[in-house]
Structures are given as C-alpha cells and as structure tokens.
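See below for the structure under consideration.
The values are calculated or read from the model by the stated rules, or taken from the named source; none is laboratory data. Predicted, not measured: the structure shown is a model, and the values here were computed from it. We place every Cβ from the backbone using ideal geometry, glycine too, and count neighbours over all the protein chains shown. Please note that ligands, DNA and RNA were not included when accessible areas were found on the heavy atoms of the full protein model with its side chains. Shrake-Rupley method; radii C 1.70, N 1.55, O 1.52, S 1.80 Å.
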Amino acid sequence: MKFLVLALTATSASAFTGGRSAARANTRMMADVAVEEAAEPAAPAYPTLNGWTADESKFCWGLPGALSPMGDFDPVGLSKDLDLTEMKRFREAEVTHGRVAMTAVLGFLVAESFHPLFGGDIGGPAIRHLDQVREVAPIFFDILAFTIALAELYRSLVGWVPPPKIQKYFGGELNEDYYPGDIGFDPLGLKPTDPKEFAEMQTKELQNGRLAMLASMGFIVQEQVDEQTILGHFGM
C-alpha cells in the first residue's frame, strides 16, 4: 500500500514538473517570436515616390525645394498645418506654374527679338503678340487653346483622383502614388534615377520656377506700363 502511494505521488510530481517545463518552453518561444517581430522595421505609412516618403514632422512633409540661406522659408505660414493631400496640391500648383513661367520668360525674350512666323509681321511687346496673331491667323488661338486643354486633360488623368472618388477637397485630389509634377513626360531622359540626384534636380527646378514667376510678372507689369519690349529697355 505504501509503495502504491509513493508511486502515485511520484507520478503526480513528474506530471506537474513536466507541465511547468512545457509552460516555460512555450513562454520562451512566444518571447522569441515577439522579439523577432519587434526587430522588423515598421512599414512606412505612405508610399515612397522618387525617393521621397512623406514625413509629417518635416517642413512641407519632407518635399525638396528648400535651399540655403533661406532654408525652410514660409513667412506667411501657407504650409502650416496642411495635411498631405493639400500639401501635394500646393506643390503641384507651384511646380506647374513655375514651368509655365520659365517658358513664358524664355518666350518673352526670344519672341521680342526673333519672330519669323506669320510673315514676320508680329513684333513689339510680347503681351500684344497674341492679339496680333489673332488678326493675322484667327484659327491659331483655337488651336492653341485646344492644345493646352489636351495637355491639362492628360495631366489630370495621370495625377488626379477621378471626381466620383474625391473624399475631401472639391477642387480635386492627387493620387496617393503620384509625385507632384511627375506626369511621366521626359523625352530627353533627364530625370535622375538616384533619389538624392532627383531631389537636387527638383530643388533646382523649383528655385528657377519661383524666380521665373517673379520675372514673368515683372515683365507683364513693365510692358503694361510703358508698352516697350523688355530688351528694348537695354537698347537691344
């Protein structure tokens, strides 16, 4: 009888010890899994586009464009408290207007100096050239307007959310996977593939575009005031 009691006691103790060992093993295994999961980097909340990943803690969500000595220049606070959707809309507008302005500045200087088209009859201040063209070739304005409309339609199809899917901004929203200004038009292959080089080129484009917007506005106002060509002020 004593032998039976001792056997049962030993068996029970062995079972209890085995259960504790298994529990410890399971706990250790779960801890190892937790450490492995913690070691894996968290996936970014936003897609990486041309090397840029949106970061709310940075100026303008980390978009390139700041340059010393001005740095993060925004004295009026236009970019303050903007969400990512609105920030991308602002940048899209800035890049697009900058490109138009750079083309306009070049057009002012070239067209006022060299204008062989339409029989060479178009001259004087560039702000009056389109009026003269409409007198010589009225259909040209319609062709120009149609071409611009096609370009804007293409840009909207590439970068903008279709109207039925707009969630917040009635004026339009950019696609989540669209980088502001990158419509895929690069016939000369100038777009860098390296993220750092792309950010540098983007900053140069923005800086030149900002300068061109100021310059083109100055050209227009100056010619409105005195009706002279820009280079004519320099005796050219």
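A few notes on this one:
- Residues within segment 40-84 that are open to solvent by less than 60 Å² (accessible area, probe 1.4 Å), touching a strand residue (DSSP E or B) at 6+ places or on another chain (Cβ under 7 Å) and over 20 Å from Ala212 (Cβ atoms), tallied: 1
- Restricting attention to segment 85-115, the residues that are surrounded by fewer than 18 Cβ atoms within 10 Å (Cβ to Cβ) and aromatic (Phe, Trp, Tyr) add up to 2.
- Count - residues of segment 202-236 that are surrounded by 15 or more Cβ atoms within 10 Å (Cβ to Cβ) and under 15 Å from the mean Cα position of the chain (by Cα): 6
- Flag not set for Ala31, criterion: at negative phi, among the aliphatic types (A, V, I, L, M), modelled with pLDDT of 55 or more and surrounded by 10 or more Cβ atoms within 10 Å (Cβ to Cβ).
- Residue-level check: of (1) surrounded by 10 or more Cβ atoms within 10 Å (Cβ to Cβ); (2) farther than 18 Å from Arg91 by Cβ, Glu173 misses just (2).
- For segment 188-236, taking the residues that are of a type in the set (Val, Ile, Thr) and part of a helix (DSSP H, G or I), the one that is farthest from Leu63 (Cα to Cα) is identified as Val225.
- The lone criterion from (1) surrounded by 15 or more Cβ atoms within 10 Å (Cβ to Cβ); (2) out of contact with any Lys or Arg (no Cβ under 6 Å at 6 or more places or on another chain) left unmet by Gly119 is number (1).
- Residue pairs whose Cβ atoms lie under 8 Å apart, separated by 6 or more positions or on different chains, with the first residue in segment 58-74 and more than 18 Å from Met87 (Cβ to Cβ) and the second open to solvent by 50 Å² or more (accessible area, probe 1.4 Å) and not basic (Lys, Arg), are Leu67/Gln207.
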